[in-house]
Structures are given as structure tokens and as C-alpha cells.
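Written out below as C-alpha cells is the structure these notes cover.
The values are calculated or read from the model by the stated rules, or taken from the named source; none is laboratory data. Owing to the predicted nature of the structure, the values given are computational and were not obtained by experimental measurement. Cβ: placed from backbone, ideal geometry, glycine included. Neighbour counts: every protein chain shown. Side chains are part of the model used for accessible areas, which takes the heavy atoms of the whole protein and leaves out ligands, DNA and RNA. Shrake-Rupley method; radii C 1.70, N 1.55, O 1.52, S 1.80 Å.
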4 protein chains.
Amino acid sequence: MSAEAAADVDPFLAMGRRILATQPFSVLIGAELEALGQGSCALGLAITPELKQQNGFAHGGVVSYLADNALTYAGGTAMKVPVVTSEYKINYVRPAIGERLVARARATHVSRSQAVCQCEVYAIGAGSEKLCAIAQGTIVRMGDSARSAPASKEGGE
Amino acid sequence: MSAEAAADVDPFLAMGRRILATQPFSVLIGAELEALGQGSCALGLAITPELKQQNGFAHGGVVSYLADNALTYAGGTAMKVPVVTSEYKINYVRPAIGERLVARARATHVSRSQAVCQCEVYAIGAGSEKLCAIAQGTIVRMGDSARSAPASKEGGE
Amino acid sequence: MSAEAAADVDPFLAMGRRILATQPFSVLIGAELEALGQGSCALGLAITPELKQQNGFAHGGVVSYLADNALTYAGGTAMKVPVVTSEYKINYVRPAIGERLVARARATHVSRSQAVCQCEVYAIGAGSEKLCAIAQGTIVRMGDSARSAPASKEGGE
Amino acid sequence: MSAEAAADVDPFLAMGRRILATQPFSVLIGAELEALGQGSCALGLAITPELKQQNGFAHGGVVSYLADNALTYAGGTAMKVPVVTSEYKINYVRPAIGERLVARARATHVSRSQAVCQCEVYAIGAGSEKLCAIAQGTIVRMGDSARSAPASKEGGE
């Protein structure tokens, strides 16, 4: 993205992109934040050869990464605090074949402590979009999460 | 892995490793199949800098990738047919901090058409293992899956 | 429902109601099919005292029942074959307080072998509707399901 | 249960049974707490005719109720505070045919704010037990939950 193009970018989206750029794994995988609103986002990537599995489709892990990260952006912008994904569920419904993937997520219910978010992942190619995965998850305030509290007491391991 | 070491590897595990080596995304992420049985597997990786998020933990997408792929191996070796992950759910319970991650998965219930599998992901470092994610998913025979059937009719998109 | 009212009911909805009436548990819980389309439904019930938990809200099991059954109707009418729920996930987002509950479900992706469906459950009272749960699940053709195949081979129990 | 029998019951289990007895829906459905430990429980019921669906199996909603409530007991006894189920996922793997159902749940990871619990539901009949469902969910401290906070702000409805 050139400096000229950046000048046209909404400051909120620009902030989201700066956060994404600080995640080495998101950089490795080539994720691009295409849109960001309060409680919504579109996160995409190009299906490059190294993101594929043996049959030529984008690997399920790539689809999951996109869904997970898009859910987090939707929840974080809805709650306006630092957040992490606590849990999510994903149904893969079609092979991820095409030139690009885009995950579109939204916060469906927001409370003080969490946001329940939903997301669809589409494969884009040959001028059409095909739904390839559907996800639902819980995004929580960072301090409230077992995940963000390394010193948490725990049992049953 | 040297040729000498490979000579000692169980043929079933060697076959699983050859399949993993055909997945470009698994190669990119550095996944290593540590153990493989009928209905069980251990899939690990080194937490390299490029697999992290901004706070220095392994990215959730890396943890999800491991869980998803380990569930698939557990289900595939239980069903003994080509399979795909149909859906799964994951709870992240602790930041993925350490030198390595390992996902241990098993097929909990197996029928002709599907296997329901469960998986724990552990972060390994400083001589200890810490549980960092818990997953449960459905692995299906490849031909039965919407995911493996690009020509499926669909609605509601 | 009087005979006069029944005469006005859409035949498709009437068929759905006859199926519901054959489920003793749905009768016990007082479920009513309010609307039924191809790939969609609205399933409701009155929050009677026996459906509550100790704090006066409808029990989570009642909310789950409604979501599960609504997902099945949405998937079954989309696939047009006998179906069962294979799996689902539900997030409870608010106490189910009010006079009635209604679950509104739709088939989001339909293939030959399964439908991935989504559902919201609302609590209705004092003239307003409040979202109290969000669900996503997989509905499968009856013969394809482990659940409908008592003779399935199994492992890991 | 007679007064004589009650005298032999572990006080912790007796306390759990008193809580169950305050839930009208649990009474309606005939749930019985069979065992209760710190972070574990067994919750059962007799498959009476009114708990069935049209094909003679216990209704999925009954299986879900058992899993959900068992997860809550496992999480509550692990966390030792009032709790609610925030979310869970269930895979049905076999028709619930038999005389009784029993859900056995345990807390797999416990932190200050939540417990991630797992549960299997078995159908018991003719002297054998058959696995019929597998669940995983998040149990949260009552005050931290969107579900227990009717006044929560919300969006996207």
C-alpha cells in the first residue's frame, strides 16, 4: 500500500491494519484488513501456493485463522477494549478454491464482558464468491480470560 | 530427520509424515507428526518468531491449525478412508507460550460415516507442559462432505 | 387451535405441526411451530413455571431444546429428506426471562448430505423481544448419521 | 428417596441434590444427581415415554439438557462459586435408546473466571452402556456472564 493510498484510508481501518502488521503470523499468512467498523470487519488474503493442502485447496488452518482473527476484530471493535478469542466453532462447507479468501465477521451480541460474534468465509475466484465456512465464537475482554492469565490456577490436567 | 533415523520409524507413522509433507501449509508452519496410531496422533511444531502474535504468544491460528489437523489424523486413521474435517470447536485456555506446541488427538466415537474426535493442545517449555487449548470436532469420509463436493447445491447465500 | 383456525393454516406448516405433535417431549414442553418455510422456521413456547430453573428464568435446557429442534426443522425443510441434528453449538447471551421464547432458524448452506443451520432464540415479554441465545449446527440426512445407525461400529468408548 | 437413604448420602452430593430439586424443569424431566465431586458429576434420568421423540428414542433436547446441566455442575463444583453455562457444543453419536441416560462431566481446565468442561452422555439398557453424545462447554462465574446480567448493553439485534 503506497503512502498516497494510505492517505485515503479511514483512521479506524488504518489503526486496525497497524495492529495486524504487529502479528508476525498474520504477516506470514498475508492477511489484509479490507474493512473495519464498530463490531464488524472483512479480513482477506491471497490463496498463495504455500497456503494450500495436498489437493490444491487453501488449508483448513488458513480458513480457521481468517475466521478466528475476523471474529476477534469484530468483537474488539464492538467492545472497545483489548480482547482475545475465548472459543469458537467453525463449519467448513466447501473447499476453499480460488484466488482469495475473505472472512466477514460481525458482533451479534455485545455485553460488558464478552461479544458473541459470527463470521462467514468466502472463496473468491473467476468473478464469483462462494461460501466456504461459517463460524461462531466468544470474544472476551483480555483481563477476564483464562487465556490471558498465565498465572491462573488450574485443575484437571 | 536423517536417513538413519527414518529407518527406525514405524511404517504407519512414516506414511502419515509423507502425507503431511504434501501439504504446503503444514510445511510452512513447520508441523511435525510425532506419533500416529489407529485413531490417535500427536502433531507438534516449534514456536518460531513468525508463528507469534503481537504479545509474543503463538497465534491462535497456529493453535487452531494444530488442533484441526490433529483431529483429522485421528479421525482418518480411525476410519481408514480419506477424510476431511467437517467442523470443530476449540476453547483456548491459556496463552501458547513456550518452545513447542503439541496437539494430542483421539477418535472418541467412530461410525461408518464419521468420527467424533477430541484434542488437547499443550505448550511445552522450561521442562513442563501446559494445557492451552481443548477441541472437539467431526471428521467425515471425503465423498460424504459438502466440503469435498464443489458441485453441491446450496441455498441461503 | 380450533378447526376453523386450522383451515387457514398453510399445508406445509400444518405438516410440520403434525410431526411436532408426534414428539412426546415437544408436547410435554409445549412447543408450537409458528412458521415453516423451505429452510426456515420459527418454533416457540410459553415459559410456564415448570420450564424454569431456580432463579425464575427458563432453564437452559429449554432454550437448547428450542434451538436444536428449530435447527432440525430448518435443515429438514431445506434438504427435503428425513434428517437429524448431528451436532450444534449454542451461546447463551441473556437470561431467558419473559412470557414466551421463540427460536428462529434458517439453513445457511445446504448440500446433498447436510445443511449448516443458524438460529437465534428470543425471549418475548412486556411487548419486546430480547436475544437470549445464538446457535449453529449441522443437520444430516437420516441414513448418513451415526446417530440414526444403532449398529455402527465404534471405538474409543 | 427415603429419609433413611438420605442419611447415607455424602453431604456434598446432598447439597447438589437440593439445588437440583429447586429447578422445576429438572424436576419435570426427572433428573437425578448420581454422583458429585469437585469438578465432576454424574447426572441421570429414566427415559420415560414423555421424554421421547417420534421414533421412540429420547429426544435430543433431553440429551442436551443432561449434558448442559452436568457441565454446569462440574464447572460449579470446580470453581466453588455460583456459575452458569456460557456456551457449549454437543455431538450426538448414537440414538438415545434404553432405560436410562447418564451424563458424566468433568472440569478439564479451571481458571478464576471460567471452567472448560467435557461430558459424555451414555444410554443404559439391557445391562450395557452406549455412548450417545459428547459435549464441551464453558462455565462462567455468575456475575461475569452476559447471561446473568439482564441490563447488559447490546448491539446487533
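Couple of notes before you dig in:
- Only residues that are crowded, with 23+ Cβ neighbours inside 10 Å and free of Cβ contacts under 8 Å to residues at least 40 places away in the same chain were counted across region A:31-49, and they come to 1.
- Candidates C:99, C:87, filtered to the one that is at pLDDT 95 or above and touching a Phe, Trp or Tyr at 6+ places or on another chain (Cβ under 7 Å): C:87
- Tally of residues being among the hydrophobic types (A, V, I, L, M, F, W, C) and either modelled with pLDDT under 95 or open to solvent by 50 Å² or more (accessible area, probe 1.4 Å) (or both) across region A:6-30: 9
- Criterion: out of contact with any Lys or Arg (no Cβ under 7 Å at 6 or more places or on another chain), modelled with pLDDT of 95 or more, of a type outside the set (Val, Ile, Thr) and at negative phi - qualifying residue of B:33, B:66: B:66
- Scanning region A:70-106 for residues that are closer than 17 Å to residue A:12 by Cα and among the small types (Gly, Ala, Ser) turns up A:70, A:74, A:75, A:76, A:78, A:105.
- The residues on offer are C:104, C:18, C:94, and the sole one that is under 12 Å from the mean Cα position of the chain (by Cα) and at negative phi is C:104.
- Total residues in region D:70-104 satisfying the condition of being at the interface with chain C (Cβ under 9 Å from one of its Cβ atoms), β-branched (Val, Ile, Thr) and either assigned to a helix (DSSP H, G or I) or open to solvent by 10 Å² or more (accessible area, probe 1.4 Å) (or both): the figure is 3.
- Any hit, region D:50-65, residues being part of a helix (DSSP H, G or I) and touching a Gly at 6+ places or on another chain (Cβ under 6 Å): yes
- Where residue B:52 falls short, out of the listed (1) open to solvent by less than 10 Å² (accessible area, probe 1.4 Å); (2) of a type in the set (Lys, Arg); (3) free of Cβ contacts under 8 Å to residues at least 24 places away in the same chain: (1)
- Residue, nearest to the chain's Cα centre (by Cα), within region A:111-133, restricted to residues that are open to solvent by 20 Å² or more (accessible area, probe 1.4 Å) and hydrophobic (A, V, I, L, M, F, W, C): A:124
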